[in-house]
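Each value in this text was obtained by applying a stated rule to the coordinates, not by laboratory testing. All figures in this text were calculated on a predicted structure; none of them were measured in a lab. Positions of Cβ are backbone-derived with ideal geometry, glycine not excepted, and every protein chain shown enters the neighbour counts.
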Amino acid sequence: MSKVTCFKMAELEAFFQENSLPGTCTKSENEAKEFIKYHKDTGNHVAFVTSGGTKVPLEGNTVRYIDNFSIGMRGAVSTEYFLQHGYAVIFLHRGRSLEPFTRHLQNLRLLDILEVNSIEHGSNSSVVVKSDYCPQVLNVLKTYQDVMKKRQLLMLEFNTLSEYLYLLKACSLALSSLGNRALLYLAAAVSDFYIPKDKMPEHKIQSSEGPLQLSLELVPKMMAPLVMDWVPDAFVISFKLETDPSLLISKSKQALDRYQHQVVIGNLLDTRKREVVSVTKDQENWIRLTDKELSLGVEIESKIVSEIVEKHKKFCSHDCP
Ligand code: PMT
C-alpha cells in the first residue's frame, strides 16, 4: 500500500470511528452482498450508481442540517439506461430523491389517480387506477416488474453523509469480487464539509444564544482508497460539478490524474441536462443534445451511458484478451 493510500485510509478510518455506524446500514450492506453474489454467479456486469445529495447534521438530535441542490435526476435516469444495456444495478440514493421508474409518475398525485372499485353482490372493494392514467402507469409498472423479476435492480437508501460514506465503502468492497465486471458511477453530490460528532451540540441550537458561527471540517476524499484499495480492478467513473466554465476541463483532468481511475464526467450546474464532457486519459469528448433532441425529450443520460458501456466493454476486453 502506498504512503498516500495509507494516509487516506487512516483519515477515513478516523472518520468512521468518530461517526458511529448508522443503524440501517448493516441491513443494506447485507442486501448488497447477497445481490452481488447472485450476479457474480450468473456472470452479469454490475453497475453501482450513487445519486442525490448528502445531509450534514448540525445537531445530534437533528433539527437542522446542511444540504445541496442535487435532486438525483442523473443517477435515477442513468440507472434505467444501465438496466436497458443488461447491467444489474445497485442504486444507492438519497431518500426522497428521484428514483428510476417512479420518476415518470412524479407529476401525478397518488390519491387523484386511484378509484374504489366496488365489487357487485359483495362487501369487498378494491382500488384501481383510473382509466385515464392506466396507459402511463401500466407502461412504467410493466418495465419495473420485469426488472424486479429478474433481480436486476437493488435500491438502497442513505440520508446523511455518514450513511453515504459507510455504504459506499461496504458496497465497493463487496463489488471487488466481480473484478472488471463491476462499474462504479459516482453521480452523488457529496458534501465536502461536516461537523464531527464530538464538536456537534446534542440538542437544538438556540437562537437566543445569538448569531450562529459554524466551523466545518473537511470530509476525507474517498476516491483514493476506493480506486486503489477497495475496488482496484473495477471501472470507475466520477463526476465533477463546477459553476465556472473555465475550470471544468482542468478540474476534471486533475481528478483523473490524482485518482488514476477511468473516466471523469464534467458538468456545469446550469447546463448539466444538455451537455457534459467525458474526460479520459487520452481524450475529452463533449456529449451534447441538439435542440431537436431536447424537444423530443431525449435524455442526455442515454448518450452518457452508451459511451460508458462502450468504454467498459473495451476495458474488460483489454483485461481478458
Ligand atoms: O442530481 P442532479 O440534480 O441530477 O445533478 C447531477 C449532479 C450535477 C449532482 C452530477 O452530475 C454530479 O456532477 N455529481 C458530482 C458532484 C460533486 O459534488 O462532485 P465533487 O466535486 O464534490 O466530487 C467529485 C467526485 O469525488 C464525485 O464523483 C464524488 O463521488 C467524489 N467524492 C466527493 C466527496 C468526497 N468526500 N469524496 C469523494 O470521493
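Among beta bridges from DSSP that stay inside the chain, the antiparallel ones total about 35%.
Highest mean packing first, where packing is the average number of other Cβ atoms within 10 Å per residue, the peptides 128-136, 268-276, 176-184 line up as 176-184, 268-276, 128-136.
If you run the Gaussian network model on the chain, springs between alpha carbon atoms under 10 Å, then out of N159, N139, N107 the most flexible one is N107.
A simple packing score, the average count of other Cβ atoms within 10 Å per residue, orders the peptides 143-151, 42-50, 207-215 as 42-50, 143-151, 207-215, with the highest score first.
A straight Cα-to-Cα reach below 27 Å connects K37 with the lysines K27, K142, K149, K150, K169, K311, K313, K314, residues fewer than 8 places away in its own chain not being considered.
For T160, nonlocal amide neighbours, meaning residues 5 or more places apart or on other chains whose placed amide H falls under 5 Å from its own, are K55.
The phi torsions of the stretch 158-163, fed into the Karplus equation with coefficients 6.51, -1.76 and 1.60 and a -60° offset, translate into couplings of 9, 10, 8, 4, 4, 4 Hz, rounded to whole numbers, with Gly and Pro shown as x. Expressed to the nearest 5 percent, the antiparallel share of DSSP beta bridges inside the stretch 223-321 is 55 percent.
Compute the Rg/Rh shape ratio of the stretch 113-229: radius of gyration over Kirkwood radius, all on alpha-carbon atoms. Intermediate results must be reported in sequence, preceding the final value.
Working: Rg = 23.8 Å, Rh = 20.1 Å.
With Rg and the Kirkwood Rh in hand, the quotient comes to 1.19.
Ranked by the mean number of other Cβ atoms within 10 Å per residue, highest first, peptides 189-195, 22-28, 238-244 order as 189-195, 238-244, 22-28.
Working from label points 7 Å from Cα in the Cα-to-Cβ sense, the S126 to Y65 distance is 3.9 nm. Rg and Dmax of the chain, based on Cα coordinates, read 21.6, 77 Å. The alpha-carbon of K292 sits under 24 angstrom from the alpha-carbons of these lysines, leaving out residues fewer than 8 places away in its chain: K273, K303.
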